[in-house]
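**Student:** There's a structure below that I have some questions on.
The values are calculated or read from the model by the stated rules, or taken from the named source; none is laboratory data. Treat the numbers as computed from the prediction; the structure is a model and nothing was measured. Because the Cβ atoms are built from the backbone with ideal geometry, glycine has one as well, and the counts that use them run over all protein chains shown. Note: areas computed on protein heavy atoms with side chains; ligands, DNA, RNA excluded. Shrake-Rupley method; radii C 1.70, N 1.55, O 1.52, S 1.80 Å.
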Amino acid sequence: MPELPELDAAVDQLRAHLLGHRLERFDVTAFSVLKTAQPDHASMVGREITEIGRRGKFLLVGAEGRFAVVHLALAGWLRLGQAPAGTPAPTAGPLAVRMVIGDGTALDITEQGRRKSVALWISDRPDELEKIQRLGPESDSIALEEFTDLLDGTSSRLKTVLTDQTVMAGVGNAWSDEILHRARLSPFATASRLDPEQVQALFTALQGVLGDVRTALEGVPLDRVKRTKKSLFAVHGRTGQPCPVCGGTVAEVSYADRSLQYCPACQTGGKRLSDRRMDRFLR
Ligand SMILES: [Zn+2]
């Protein structure tokens, strides 16, 4: 799932290509994607693209006061290129949404598979959409004091706290694994029980990981962002491989419909956590 730093990299590129151009076509080829009936997405056609931004894991494309709000879900991504002629037919292909601007550039929102989880809202007041209203503060701009209060106030596990978008927005499954690894903290540690040093370590890791990824993705073309992202992982998705910090073996815990990776030597004093225990913890 695209998280905060990948979306910020995408926002930079979309701004460079789309800002100041008039929207000439707005095709929704997978109608399940569209979550609002009014205003009609077609009502954005003819308007100039005036704003492109991000809130949490949502992408916002604004045209003279009206916004397309996009959530890329687990497997959605973006593609910029020259628009082919004609209106795309609804198909089982990856294309879910296509926006074409005056110079013929198309922004495609794609997701593999017939069932699309990508979501699109059209709104003049995006900050009033329920999904946006529920978001916590942005993970990359939260202050240490606020972060400390936030951890103090919950008995949830760190993995849950970092990925719960209502607590803080932008970090998902991948970067939370990396942040916890850099902070040398267990994903299963209870947030409110961290000592001040651990809180500081987690805060530093949060800012450090997000900042490093942001730098690494600067100027990387959209079609290479996923690959570059993967190359930055120390533990995420690297079960059984050596930890780049200590050389120990990266371990995995599966729970519900996903999994997390961690280095037992770096993060849990060598202890391996069982799947069943995790499932209960993270519920
Ligand atoms: Zn390690």
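**Student:** In degrees, nearest 10, range 0 to 90: what is the angle between the Cα axis of helix 4-18 and the longest Cα principal axis of the chain?
**Tutor:** Once rounded, the angle reads 20 degrees.
**Student:** Here is a further query. Within 10 Å, at most 15 other Cβ atoms, and a DSSP state outside H, G, I, E, B define an exposed site. Report the longest part of the chain free of exposed GluC sites (Glu not before Pro).
**Tutor:** Answer from the scan: 65-217.
**Student:** Rank 100, 245 by accessible area, highest first, at a 1.4 Å probe radius?
**Tutor:** In descending accessible area the options line up as 245, 100.
**Student:** Given only helices, namely DSSP H runs of n ≥ 4 each adding -39500 (n - 2.57), what is the per-residue ellipticity at 222 nm of the chain, to the nearest 500 deg cm²/dmol?
**Tutor:** -8500 deg cm²/dmol
**Student:** Something else about it: Shape of the range 1-40 from its Cα gyration tensor (a ≥ b ≥ c, root eigenvalues): rounded if a/c is under 1.5, otherwise prolate when a/b > b/c, or oblate?
**Tutor:** Oblate, since a/c reaches 1.5 and b/c is not below a/b.
**Student:** For the Cα atoms of the chain, what angle does the longest principal axis make with the long axis of helix 173-183, in degrees from 0 to 90, nearest 10?
**Tutor:** Once rounded, the angle reads 40 degrees.
**Student:** Then there is this: Work out the length of the dipole vector of the chain about its Cα centre, built from +1 on the beta-carbon of each Lys and Arg and -1 on the beta-carbon of each Asp and Glu, and round it to the nearest 20 debye.
**Tutor:** For this selection, approximately 1140 debye.
**Student:** Positive end of the dipole of the range 4-133, charges at C-beta (+1 Lys, Arg; -1 Asp, Glu), about the Cα centre: which of 100, 68, 117 has its Cα farthest in that direction?
**Tutor:** Toward the positive end, the furthest listed residue is 117.
**Student:** Can you quote the Å³ per residue value for the convex hull of the Cα atoms in the range 4-133, rounded to an integer?
**Tutor:** Considering the Cα atoms of the range 4-133, their hull volume per residue is 95 Å³.
**Student:** Which shape class applies to the range 132-171: rounded if a/c is under 1.5, otherwise prolate when a/b exceeds b/c and oblate if not, where a ≥ b ≥ c are the square roots of the Cα gyration tensor eigenvalues?
**Tutor:** Because a/c hits 1.5 or more and a/b fails to exceed b/c, the range 132-171 counts as oblate.
**Student:** Next question. Using a Debye calculation, one point per C-alpha and no hydration shell, please list log10 I(q)/I(0) for the chain at q = 0.09 Å⁻¹ in order.
**Tutor:** -0.46
**Student:** Then there is this: Using 5 Å bins from zero, what percent of all Cα-Cα pairs in the range 116-200 falls into each bin?
**Tutor:** 3, 13, 22, 25, 16, 8, 8, 4, 1
**Student:** Something else: If you stretched the chain out fully between residue 192 and residue 73, how much longer would it get, using 0.36 nm times the residue separation minus the C-alpha to C-alpha distance?
**Tutor:** Length gained between residue 192 and residue 73: 39.9 nm.
**Student:** Further question on the same structure: Enter the accessible area of residue 21 (Å², nearest 10), with the probe set to 1.4 Å and all protein chains included.
**Tutor:** 60 Å²
**Student:** Along the Cα→Cβ direction, 7 angstrom out, place labels at residue 271 and residue 223. What is the inter-label distance in nm?
**Tutor:** Once both label points are built, they end up 4.8 nm from each other.
**Student:** Mind checking the alpha-carbon convex hull of the range 144-282 and giving the volume per residue in Å³?
**Tutor:** Enclosed volume per residue, from the Cα hull, is 115 Å³.
**Student:** While we're looking at this one, here's another question. Using the Cβ atoms and a cut-off under 15 Å, what net charge is assigned to the surroundings of residue 263, where Lys and Arg are +1 and Asp and Glu are -1?
**Tutor:** Its environment carries a net charge of +3.
**Student:** Now a separate question. Can you tell me the convex hull volume per residue for the range 178-260, based on C-alpha atoms, in Å³ to the nearest whole number?
**Tutor:** Taking the convex hull of the Cα positions in the range 178-260, it is 116 Å³ per residue.
**Student:** Moving to a separate point now. Which shape class, rounded, prolate or oblate, goes with the range 153-204 when its Cα gyration tensor gives a ≥ b ≥ c as root eigenvalues, a/c under 1.5 marks rounded, and past that a/b bigger than b/c marks prolate?
**Tutor:** In terms of gyration-tensor shape, oblate.
**Student:** Any idea of the accessible area per residue across the chain, 1.4 Å probe, to the nearest Å²?
**Tutor:** Per-residue accessible area for the chain comes out at 46 Å².
**Student:** Still on this structure, please answer the following. What's the carbon and sulfur percent of the range 73-131's accessible surface, probe 1.4 angstrom, rounded to a whole number?
**Tutor:** Looking at the range 73-131 in its full context, I get 51 percent from C and S.
**Student:** Here's a follow-up. What whole number of Å gives the distance from the Cα centroid of the range 1-73 to the Cα centroid of the range 204-222?
**Tutor:** Here the answer is 22 Å between Cα centres.
**Student:** Give me the percent relative contact order of the chain, please, defined on Cα pairs under 8 angstrom at least 6 residues apart.
**Tutor:** 17 percent
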